[in-house]
Amino acid sequence: MNIKLQDRNYRIPFKQMIYIGDGYTDIPCFALLKKNEGIAFGVYDPKKERKWNQAWGFVKDNRIDGLLPAVYGKGSPLEDQLKMALAEPTLESVQRARFEARLNEIAQYLSKR
């Protein structure tokens, strides 16, 4: 577990990873992805205006590549951003297909909550 690996030993390179986080506990993951050419998105609760400054701080500090409302359904801004990220040439087609399938599963699950 927690063993440090060289980049070449990861099954999926960082530059082919996308991470979505919603707070301070995600900062290490944001930093790791940004440092290694991955994509990091922050999400925020659009109903909690008092937390918007915290979320915007991630943008100002260049910790994330995008900040979106935590709305996970079909046609949401997050879905659009993820589709744009998937169009990135560094994502291999097999991984892209798996990710899109998983994204659909997550969206269906979250829309039922």
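Throughout, read-outs are computed from the coordinates displayed, never taken from laboratory work. Quick caveat: nothing in here was measured; it's all calculated off a predicted structure.
The string of couplings for segment 29-36 from the Karplus curve (6.51, -1.76, 1.60, θ = phi - 60°) is 5, 4, 4, 4, 5, 4, 4, 10 Hz, one whole number per residue in order, with x for Gly and Pro. Within the set K34/K60; K35/K60; K35/K74; K34/K74, which residue pairs have Cα atoms separated by over 19 Å? Among K34/K60; K35/K60; K35/K74; K34/K74, the Cα-Cα distance tops 19 Å for K35/K74; K34/K74. Close amide H contacts of Y19 (hydrogens built in the peptide plane, cut-off under 5 Å, sequence separation of 5 or more or a different chain): I39, A40, F41.
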